[in-house]
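The values are calculated or read from the model by the stated rules, or taken from the named source; none is laboratory data. Just so it is clear, the structure is predicted and the values come from calculations on it, not from any experiment. So basically every Cβ, Gly included, is an ideal-geometry build from the backbone, and we count neighbours across all protein chains shown.
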Amino acid sequence: MIDMDNRLRAARGIAKTETKASIEVFETLKRRGHPDAPPPTVSDGWGGIDDAMVEVYGVVPEYKGVGRPPTLKSPQPGWQYLQAVKQRENGRVAGVSLRVIFGDEDEVLELLGKSTSYVERTHLTMRLFNSRLTRKTLGFSKELEMYRASAAWEDLVYNFARPVKTLRVEIYGDSKRRWQPHTPAMTAGLTDHIWTVKELLKTVAPP
């Protein structure tokens, strides 16, 4: 999952199904600053994300004393989730329809926009820098644990060591350079400099 404001890869889920991978993502987000509700979310039309939200953040309704006690979790008020579903003709995208799953339709469309371009662009970057994601090649990952390790390393490099052009900050009063390069982690306030690969390898994160 990528933060639209700073391009930070905020969470990652790797599993055999989309629902299980999405559950990993929301469990990570629940530990990292979203303990009560999922953040506003936009995705493509693949299923599983809404079920994962309910599994991680849903609440079993209070028993009213009539009929059988409820056992299934339900979505909660205030959730915002939008699906951008692509229509294709002859292999090309011919249009996009928007489907609001949770939340007020007008508010969700205003907040989340009408595109999944940010996450699709980071998927392209992932396939460029991590050959285990490139299908129909010898580098495609066959073992889940090895894929997890390579994806974790690639996320670290992307967040901390690789400046993103659209995040650069203009410098005023400096005749030698106009822009200050920024990584997603710098924009998110997690660090104040671009990390080197050596610094990444030597840093041990607390559990």
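Some points to look at:
- Residue that is nearest to Asp5 (Cα to Cα), among those in region 87-110 that are part of a loop (DSSP other than H, G, I, E, B) and modelled with pLDDT under 90: Gly91
- Pro35 falls short on exactly one of the conditions (1) closer than 30 Å to Met186 by Cβ; (2) surrounded by 11 or more Cβ atoms within 10 Å (Cβ to Cβ), and that condition is (2).
- Residues of region 111-142 satisfying the condition of being in a helix (DSSP H, G or I), in contact with a Leu (Cβ under 9 Å, 6 or more places away or on another chain) and surrounded by fewer than 16 Cβ atoms within 10 Å (Cβ to Cβ): Leu111, His123, Arg127, Ser131
- Ala84, sole failed condition from (1) assigned by TED's automatic domain parsing to the domain that holds Gly48; (2) at pLDDT 90 or above; (3) not in a loop (DSSP other than H, G, I, E, B): (2)
- Unique match (being surrounded by fewer than 16 Cβ atoms within 10 Å (Cβ to Cβ) and under 20 Å from Leu112 (Cα atoms)) among Gly78, Gly48: Gly78
- Test: residue in region 143-166 that is in a helix (DSSP H, G or I), on the phi < 0 side of the Ramachandran plot, surrounded by 11 or more Cβ atoms within 10 Å (Cβ to Cβ) and in contact with a His (Cβ under 8 Å, 6 or more places away or on another chain): no
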